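Working notes, structure below.
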Amino acid sequence: FDPRHYLGTHCHGFPKTGPHRLRFLLESVKDLRETLKKKGSTLVVRKGKPEDVVHDLITQLGSVSTVVFHEEVREI
């Protein structure tokens, strides 16, 4: 979870993620984790800037050969 997603937007000052969206995200992540667990896998969840968290995970794991990510589309 990127803390920057819970701050105000640049244009109007409204939260990017309000309480209802946050509840939906948390329930979705919980459900995904439970589904993966039933299939013998797991889900790593972290709080922080993705560029820092991914770097720390790669360093911790030590043998990462590929990283795939999706960048948020931003309106101008």
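The values are calculated or read from the model by the stated rules, or taken from the named source; none is laboratory data. Since we're looking at a predicted model, the values are computed, not measured. Virtual Cβ from ideal backbone geometry, glycine too; neighbours counted across all protein chains shown. These area figures cover heavy atoms from the full protein model, side chains too; ligands, DNA and RNA do not enter into them. Shrake-Rupley method; radii C 1.70, N 1.55, O 1.52, S 1.80 Å.
Of the residues in region 18-71, how many are charged (D, E, K, R) and not in a helix (DSSP H, G or I)?
Filtering region 18-71 for residues charged (D, E, K, R) gives 21, 23, 27, 30-31, 33-34, 37-39, 46-47, 49, 51-52, 56, 71.
Adding the requirement that they be not in a helix (DSSP H, G or I) leaves 39, 46-47, 49, 71.
So the answer is 5.
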Being over 24 Å from V73 (Cβ atoms), free of Cβ contacts under 8 Å to residues at least 60 places away in the same chain, of a type in the set (V, I, T) and open to solvent by less than 80 Å² (accessible area, probe 1.4 Å), is that true of even one residue in region 37-45? no
Among the candidates G48, G62, residue that is at pLDDT 80 or above, surrounded by 12 or more Cβ atoms within 10 Å (Cβ to Cβ) and of a type in the set (G, A, S): G48
